[in-house]
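**Q** Sharing a structure with you now.
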Amino acid sequence: MLRSLRIPMLAALGAATLSACVSFGAKPPPFLLTLTADAAPAAGEARTANEAQALTILIPTAPQKLRTQRIPVQQDDASIAYVKDAQWVEAPQRLFQRLLSETVAARSSRVVLDEGQYLTAPGEQLAGQLMEFGVDEATNEAVVVYQAMLVNSGGKSVTQRRFEAREPIAGKVEAKPVGEALTAAANKVAGEVAGWLAG
């Protein structure tokens, strides 16, 4: 009798453990969003740089509302919502850093590194804060604001500059049009940063 009860009890315990780990009711978003750079360095191109010529682009910091894979919608000065069924494939700060690196490398002759790549000295460092990366509901626009901070290779001087771009959202505030508008705005900002660094 004891043996016949053991198997059903073990099965029940296993089911209870599984239900604690897996949420069958959670509905995933229909697709994940990412950013694509308008410009990229040519394949097979080799570049060489000394310490002063290399540029390390760091992942920007961000306020709490952007430290999520969801897209914020600024409804008014005090209220924030999130775009329904919209989710980035990874943190927006990392996506923006990668797009910025691609754009700067494509539009300059510099060796561009990220913080996980440099082996000796990072050269100049581009840090900053991604201050806005979402939707302004009042104007129905995607907004990207990046506060850049360029530190020279010796760490003795710092230059700051703020960049902002706005793109109208083609239609309702939904995942696909919002993702497209944010990609366009992010590419605008990245292009302006690349021009600033080249100057």
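Coordinate-derived values only; no laboratory data. Please read these numbers as outputs of a predicted model, since none were measured by experiment.
**Q** Identify all aspartates and glutamates with a Cα-Cα distance to Lys188 below 15 Å; exclude those on the same chain that are fewer than 8 residues away in sequence.
**A** Straight-distance partners of Lys188: Asp38, Glu102, Glu132, Glu141, Glu164, Glu167, Glu180.
**Q** Straight-line reach from Lys84: which aspartates and glutamates have Cα under 12 Å away, leaving out those fewer than 8 places along the same chain?
**A** Partners within reach: Glu174.
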